[in-house]
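The values are calculated or read from the model by the stated rules, or taken from the named source; none is laboratory data. Just so it is clear, the model here is predicted, and its values are computed rather than measured. FYI the Cβ positions are ideal-geometry reconstructions off the backbone, even for glycines, and counts take in every protein chain you see.
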Protein chains: 2
Amino acid sequence: MTTLLSSFEARTGAVLDQVPASTPAAVDAACDAAAAAFAPWQAASGAERGALLRALAAALEGDRAELVALADRETALGPIRLNGELDRTAFQLRRFADLAERGEPFAFTDDPAVAGPPPAGHPLMQRWSVPLGPVAMFSASNFPFAFSVLGGDTASALAAGCPVVVKAHSGHLLLSNRVFGLVQGVLVALNLPAGLVSMVQGGGRDIGVRLVRHPAIAAGAFTGSTQGGAALAAEAAARPRPIPFFGELGSVNPVVALPAKLATDGAALAATLAGSITLGCGQFCTNPGVIVLIDELQPGLDTKAINDGFVAQLAEALRPQQPHAMLTTAMRGAFEAGVAHWAAAGAEMLVQDTAAAGQPPRPVLAQVSALDFIARSALREEVFGPSSLIVRAASLAQALQVLQAVGGSLTVTLWGVEQASDAARALVRGAMAIAGRVLFAGVPTGVAVTAAQQHGGPWPSSSRPESTSVGDAAMARFLRPVCLQDAPGWLSARAGQPV
Amino acid sequence: MTTLLSSFEARTGAVLDQVPASTPAAVDAACDAAAAAFAPWQAASGAERGALLRALAAALEGDRAELVALADRETALGPIRLNGELDRTAFQLRRFADLAERGEPFAFTDDPAVAGPPPAGHPLMQRWSVPLGPVAMFSASNFPFAFSVLGGDTASALAAGCPVVVKAHSGHLLLSNRVFGLVQGVLVALNLPAGLVSMVQGGGRDIGVRLVRHPAIAAGAFTGSTQGGAALAAEAAARPRPIPFFGELGSVNPVVALPAKLATDGAALAATLAGSITLGCGQFCTNPGVIVLIDELQPGLDTKAINDGFVAQLAEALRPQQPHAMLTTAMRGAFEAGVAHWAAAGAEMLVQDTAAAGQPPRPVLAQVSALDFIARSALREEVFGPSSLIVRAASLAQALQVLQAVGGSLTVTLWGVEQASDAARALVRGAMAIAGRVLFAGVPTGVAVTAAQQHGGPWPSSSRPESTSVGDAAMARFLRPVCLQDAPGWLSARAGQPV
């Protein structure tokens with residue numbers, strides 16, 4: 001009997017359609033097909049890899065109107081955001097095409113022989129990069145294009161020379177199936193094996209666990225909750241042959257705002273921050289979930305009054321915001337539970353309007369002391385949705401302890417360190433110690449696809465903080481070095497190229 | 001009550017002396033001291049890091065005669081090898097000093113702002129590297145200098161900006177204490193915190209587990225058995241905050257020798273291989289433990305006769321070899337048990353002399369069919385000692401299946417692929433798929449410390465095959481990227497430097 005999975009209209013919860021869940025045999029077949037596609041794809045040139053990635057970008061753009069309309073029904077993210085996300089997805093497919101064409105996956109270190117005895121003397125050595133093999137890619141709920149079937153994980157894995165088995169997210173099943181249909185068309189048109197990109201779908205955790213456990217799978221890439229990612233990472237580590245599992249997990253993204261900055265720019269920053277907290281209904285990995293204010297007295301600044309004023313400005317800017325519906329009813333439930341945990345842990349609720357029945361959630365702002373935040377782990381957990389927690393620190397030292405208590409975050413934002421000072425240096429050090437990205441202006445939502453981007457921070461924000469799921473370095477996750485020693489001429493002459 | 005650990009004379013098993021085991025409180029104190037030393041060491045310049053590493057190298061060399069004599073008593077590795085290993089250890093300390101002084105740990109990617117809207121437009125971004133924090137370093141039995149207290153793990157961690165807590169190996173306790181005494185003297189002379197390098201010692205697994213579990217420890221580095229490394233890697237993954245664990249584990253290092261090569265160079269290659277198998281009593285991670293011969297008929301070559309001839313040459317070259325004593329009686333016992341497993345699994349024992357009572361082990365050569373090797377996992381396990389297993393493959397395809405059955409190895413050596421051919425390419429692909437280093441001449445023992453070196457292969461030879469414990473890239477294990485977005489002028493101007 002086939003299990004059916006339902007796609008829901010995000011704004012109403014009504015069932016849109018149903019699709020069959022993948023059987024265990026179908027998961028295995030996808031992995032076996034990926035294994036069979038590995039050798040020819042590993043041998044493909046940068047130009048061939050680039051051609052596939054460009055064709056996939058063009059296919060997305062060619063079906064834009066239908067894709068965005070379908071995505072909007074399943075996610076409620078709205079056409080402006082979804083068109084922008086499709087643009088970004090096509091952009092990063094082409095960016096990895098550029099990298100493949102420029103030979104980045106085939107980069108090597110040449111280390112000519114040095115005459116003489118060891119330790120200084122050594123033979124000719126060349127350090128090549130080789131792809132790991134088939135990648136199990138777990139789509140995210142909150143980016144139906146950019147972290148889904150043809151998102152950055154798939155693009156970077158294909159560029160690196162790895163086939164991909166996509167686990168579709170149950171929050172946008174119809175969109176995933178439509179995008180996957182485009183992929184299949186492109187693979188046929190380019191005469192590439194169908195197993196190069198497969199897709200599986202299922203409701204519970206069984207499908208994902210089976211995928212991670214399959215012997216042909218060489219790496220996992222995941223975007224989602226810390227709990228879900230940790231469970232799959234444990235599966236990856238417990239295999240007879242453990243595999244790397246690149247999990248981009250939960251994050252609270254502290255913003256530390258210094259009073260001198262708030263004294264001059266408070267109103268504008270409050271407006272910007274309110275927009276960031278509610279953007280996409282707060283459903284971003286980089287949503288600013290913790291705002292640290294420092295009440296320590298400073299010469300010529302009534303810091304407490306400034307911070308109180310900023311809190312009032314932020315509350316005022318937040319109240320009129322109209323977040324759209326959340327991605328799924330389960331996520332809406334988790335959001336409300338998370339806010340309730342804050343209140344139960346003693347947070348002062350500053351903004352908390354009750355949403356009308358059947359309406360999207362209202363934004364939430366709460367406040368706690370740094371001592372409470374440090375003492376109570378419930379206050380440090382990510383609340384995924386349009387909410388933020390103000391943490392009042394009595395001193396710079398206490399603000400640094402707040403960052404330490406967070407432990408790991410995708411981002412930390414520092415407002416007010418434009419000038420060098422001991423305090424500025426201490427904050428930069430404290431932020432760099434726990435984050436993958438430190439911002440000095442603006443808000444953490446919005447992750448540019450660039451050469452220097454780092455979208456992965458210390459645990460619990462990532463399972464592999466040395467890696468990134470966004471930016472050029474994302475491809476490095478799926479490559480491994482191999483040193484060739486005394487390679488014969490025919491081989492060393494084509495160092496880095498597929499053999 | 002203090003637990004005493006015994007140091008043994010490797011050649012006789014007699015107790016040399018006793019040293020106290022570290023208490024749990026001492027382990028914690030070492031980790032806490034490392035945590036306290038992290039901030040100042042992270043802020044140290046490349047010149048300061050280089051000065052420490054150079055002083056450590058000089059201290060080793062200054063105490064050479066005593067160190068080598070003590071190491072020889074505890075390991076039986078002999079003064080020639082031990083002097084060479086001390087040279088290598090000093091060389092790699094100075095090499096990481098060079099890298100630190102050149103600014104390698106502070107390397108960054110500059111990514112200037114691009115005007116315009118996303119996805120193409122983006123702010124100024126700079127990708128820095130930051131050290132992870134205190135490293136727990138587990139010394140190896142078989143390299144009392146190069147993979148011990150001041151070995152490559154310690155050198156690369158210090159260069160990266162990380163304090164180190166060394167777990168001394170019980171096989172050379174007195175040497176470890178003497179080297180650690182030198183370290184303490186250098187730290188005092190350079191006015192550096194004692195916690196920058198600590199040492200703990202213990203007999204069972206408790207000390208190591210406590211070390212890996214300590215909250216201050218940010219990474220583990222280990223050289224040893226697959227079993228021991230896997231257990232510690234599991235501890236590292238099960239922490240509340242998981243940490244990376246870089247384990248360089250067991251490896252069988254296949255040598256694939258093509259008949260045409262053996263037809264011309266068989267005698268010389270047999271002599272070289274016999275030397276490699278028995279070098280250091282076979283106690284190298286890169287010992288050639290599996291020799292694959294291909295009996296497939298070829299025009300003009302009586303392959304089976306050539307291979308039989310080479311086996312006879314190798315047996316003849318191996319029989320007169322006189323390995324020295326093994327490092328410990330436990331390792332001697334494990335060696336004999338491993339050889340017994342081969343015999344029990346049906347291997348034909350070609351060379352297996354009985355050692356006289358109290359004498360070092362005799363070299364062992366055995367032979368199996370490829371089909372048996374693939375079918376019986378007992379034949380694929382590393383036998384640490386002066387031994388090798390010949391695997392007779394009926395075809396090139398079967399030889400490739402043998403490599404696949406090995407699954408992961410630090411090295412694969414290919415003899416006879418000097419000319420390009422389909423067979424040569426298939427072997428290169430098969431070797432690169434399972435190895436960290438592929439050699440085309442010579443033998444895998446001897447691992448040069450160079451820019452392109454890769455000493456880490458797929459599981460079970462390493463827990464992190466993307467990393468290396470030897471060569472310049474060893475330092476990358478202890479660094480993590482952080483992207484600074486819109487960094488103010490005072491900060492972006494000193495990109496990469498300690499803040």
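A count restricted to the stretch B:281-330 and to residues that are among the small types (Gly, Ala, Ser) and in contact with a Leu (Cβ under 6 Å, 6 or more places away or on another chain) stands at 1. Are any of the residues in the stretch B:364-386 surrounded by fewer than 19 Cβ atoms within 10 Å (Cβ to Cβ) and touching a helix residue (DSSP H, G or I) at 6+ places or on another chain (Cβ under 6 Å)? Scanning the stretch B:364-386, I find at least one residue that is surrounded by fewer than 19 Cβ atoms within 10 Å (Cβ to Cβ) and touching a helix residue (DSSP H, G or I) at 6+ places or on another chain (Cβ under 6 Å), so the answer is yes.
Counting only residues that are touching a helix residue (DSSP H, G or I) at 6+ places or on another chain (Cβ under 9 Å) and facing chain B (nearest Cβ under 9 Å), the stretch A:427-438 holds 6 of them. The single residue among A:228, A:203, A:224 that is under 20 Å from residue A:2 (Cβ atoms), in contact with a strand residue (DSSP E or B) (Cβ under 9 Å, 6 or more places away or on another chain), surrounded by fewer than 22 Cβ atoms within 10 Å (Cβ to Cβ) and at pLDDT below 95 turns out to be A:203. Taken as a whole, the stretch B:162-182 holds at least one residue that is part of a helix (DSSP H, G or I), surrounded by fewer than 22 Cβ atoms within 10 Å (Cβ to Cβ) and without any contact (Cβ under 8 Å) to a residue 40 or more places away in the chain. The sole residue among A:272, A:278, A:286 that is hydroxyl-bearing (Ser, Thr, Tyr) and in a loop (DSSP other than H, G, I, E, B) is A:286. Got at least one residue in the stretch B:235-248 being of a type outside the set (A, V, I, L, M) and part of a helix (DSSP H, G or I)? Yes, the conditions are met somewhere in the stretch B:235-248.
Can you find a residue that is within 20 Å of the chain's Cα centre (by Cα) and either closer than 21 Å to residue A:453 by Cα or assigned by TED's automatic domain parsing to the domain that holds residue B:216 (or both) anywhere in the stretch B:111-124? Write out each step before concluding.
As a first pass, look at the stretch B:111-124 and keep what is within 20 Å of the chain's Cα centre (by Cα): none.
No, the stretch B:111-124 contains no residue that is within 20 Å of the chain's Cα centre (by Cα) and either closer than 21 Å to residue A:453 by Cα or assigned by TED's automatic domain parsing to the domain that holds residue B:216 (or both).
Any residue that is among the acidic types (Asp, Glu) and buried (at least 23 other Cβ atoms within 10 Å of the Cβ) - is there at least one of those in the stretch A:238-257? The answer is yes; a qualifying residue exists.
Scanning for something within 26 Å of residue B:118 (Cα to Cα), crowded, with 23+ Cβ neighbours inside 10 Å, touching a Gly at 6+ places or on another chain (Cβ under 9 Å) and not assigned by TED's automatic domain parsing to the domain that holds residue A:88, does the stretch A:417-435 turn up at least one residue? Within the stretch A:417-435, one or more residues are within 26 Å of residue B:118 (Cα to Cα), crowded, with 23+ Cβ neighbours inside 10 Å, touching a Gly at 6+ places or on another chain (Cβ under 9 Å) and not assigned by TED's automatic domain parsing to the domain that holds residue A:88.
Whether any residue in the stretch B:130-144 is in a loop (DSSP other than H, G, I, E, B), aromatic (Phe, Trp, Tyr) and within 14 Å of another protein chain (Cβ to nearest Cβ) is what I want to check. Lay out the reasoning, then the answer.
Filtering the stretch B:130-144 for residues in a loop (DSSP other than H, G, I, E, B) gives B:132-134, B:139-144.
After this cut, where a residue has to be aromatic (Phe, Trp, Tyr) as well, the list is B:143.
Then drop every residue that is not within 14 Å of another protein chain (Cβ to nearest Cβ), which leaves B:143.
Taking every residue of the stretch B:130-144 in turn, at least one turns out to be in a loop (DSSP other than H, G, I, E, B), aromatic (Phe, Trp, Tyr) and within 14 Å of another protein chain (Cβ to nearest Cβ).
Considering the stretch A:236-260, and only residues there that are of a type in the set (Gly, Ala, Ser) and within 12 Å of chain B (Cβ to nearest Cβ), the residue that is farthest from residue B:408 (Cα to Cα) turns out to be A:247. The set of residues in the stretch B:425-450 being part of a loop (DSSP other than H, G, I, E, B), touching a residue at least 40 places away in the same chain (Cβ under 8 Å) and either in contact with a strand residue (DSSP E or B) (Cβ under 7 Å, 6 or more places away or on another chain) or more than 21 Å from residue B:246 (Cβ to Cβ) (or both) consists of B:442, B:443, B:444, B:445, B:446.
Can you pull out the residues in the stretch B:393-412 that are within 9 Å of chain A (Cβ to nearest Cβ) and buried (at least 22 other Cβ atoms within 10 Å of the Cβ)? Within the stretch B:393-412, B:408, B:411 qualify. Within the stretch B:454-499, being among the aromatic types (Phe, Trp, Tyr) and in a loop (DSSP other than H, G, I, E, B) holds for one residue alone: B:459. The set of residues from the stretch A:455-499 being more than 11 Å from residue A:126 (Cα to Cα), of a type in the set (A, V, I, L, M) and in the same structural domain as residue A:134 (by TED's automatic domain parsing) comprises A:470, A:473, A:474, A:475, A:476, A:479.
With the condition kept exactly as written, say whether any residue in the stretch B:208-229 is among the polar types (S, T, N, Q) and part of a helix (DSSP H, G or I). The answer is yes, given that some residue of the stretch B:208-229 is among the polar types (S, T, N, Q) and part of a helix (DSSP H, G or I).
Quick one: which residue in B:39, B:90 is of a type outside the set (Asp, Glu) and without any contact (Cβ under 8 Å) to a residue 12 or more places away in the chain? Full working, then the answer.
Details: B:90 fails: without any contact (Cβ under 8 Å) to a residue 12 or more places away in the chain.
Testing whether each residue is of a type outside the set (Asp, Glu) and without any contact (Cβ under 8 Å) to a residue 12 or more places away in the chain leaves just B:39.
For residue B:487, the stated conditions hold: it is out of contact with any helix residue (DSSP H, G or I) (no Cβ under 6 Å at 6 or more places or on another chain) and within 7 Å of another protein chain (Cβ to nearest Cβ). Checking A:263, A:233, A:274, A:270 one by one, the residue that is of a type in the set (A, V, I, L, M), touching a residue at least 60 places away in the same chain (Cβ under 8 Å) and away from every other protein chain (no Cβ under 14 Å) is A:274 and no other.
Could you say which residue among A:159, A:216, A:155 is more than 30 Å from residue A:324 (Cβ to Cβ), assigned by TED's automatic domain parsing to the domain that holds residue A:40, crowded, with 20+ Cβ neighbours inside 10 Å and touching a residue at least 40 places away in the same chain (Cβ under 8 Å)? Step through it out loud before you land on a result.
Details: A:216 fails: crowded, with 20+ Cβ neighbours inside 10 Å; A:155 fails: more than 30 Å from residue A:324 (Cβ to Cβ).
Of the residues listed, the single one that is more than 30 Å from residue A:324 (Cβ to Cβ), assigned by TED's automatic domain parsing to the domain that holds residue A:40, crowded, with 20+ Cβ neighbours inside 10 Å and touching a residue at least 40 places away in the same chain (Cβ under 8 Å) is A:159.
Just so you know, in the stretch B:439-454 the residues that are under 14 Å from the mean Cα position of the chain (by Cα) and farther than 18 Å from residue A:110 by Cβ include one that is nearest to the other protein chains (Cβ to nearest Cβ), and it is B:446. If only residues of the stretch A:451-461 that are free of Cβ contacts under 8 Å to residues at least 40 places away in the same chain and surrounded by 24 or more Cβ atoms within 10 Å (Cβ to Cβ) are counted, the one that is farthest from residue B:242 (Cα to Cα) is A:452.
Filter the stretch A:33-72 down to the residues that are among the basic types (Lys, Arg) and surrounded by fewer than 20 Cβ atoms within 10 Å (Cβ to Cβ), then identify the one that is nearest to residue A:332 (Cα to Cα). Walk me through how you get there before you give the answer.
Step one: list which residues in the stretch A:33-72 are among the basic types (Lys, Arg), which gives A:49, A:54, A:64.
From the residues that got through so far, the ones that are surrounded by fewer than 20 Cβ atoms within 10 Å (Cβ to Cβ) too are A:54, A:64.
Working: A:54: 37, A:64: 28 Å.
That would be A:64.
Only one of the numbered conditions (1) surrounded by 14 or more Cβ atoms within 10 Å (Cβ to Cβ); (2) over 26 Å from the mean Cα position of the chain (by Cα); (3) not acidic (Asp, Glu) is not met by residue A:357, and that is (1). Looking across the stretch B:387-424, just one residue is under 16 Å from residue B:373 (Cα atoms), in a loop (DSSP other than H, G, I, E, B) and of a type in the set (S, T, N, Q), and that is B:395. Applying the condition of being more than 21 Å from residue B:490 (Cα to Cα) and within 11 Å of chain A (Cβ to nearest Cβ) to the stretch B:94-126 and asking which residue is surrounded by the fewest Cβ atoms within 10 Å (Cβ to Cβ) yields B:117.
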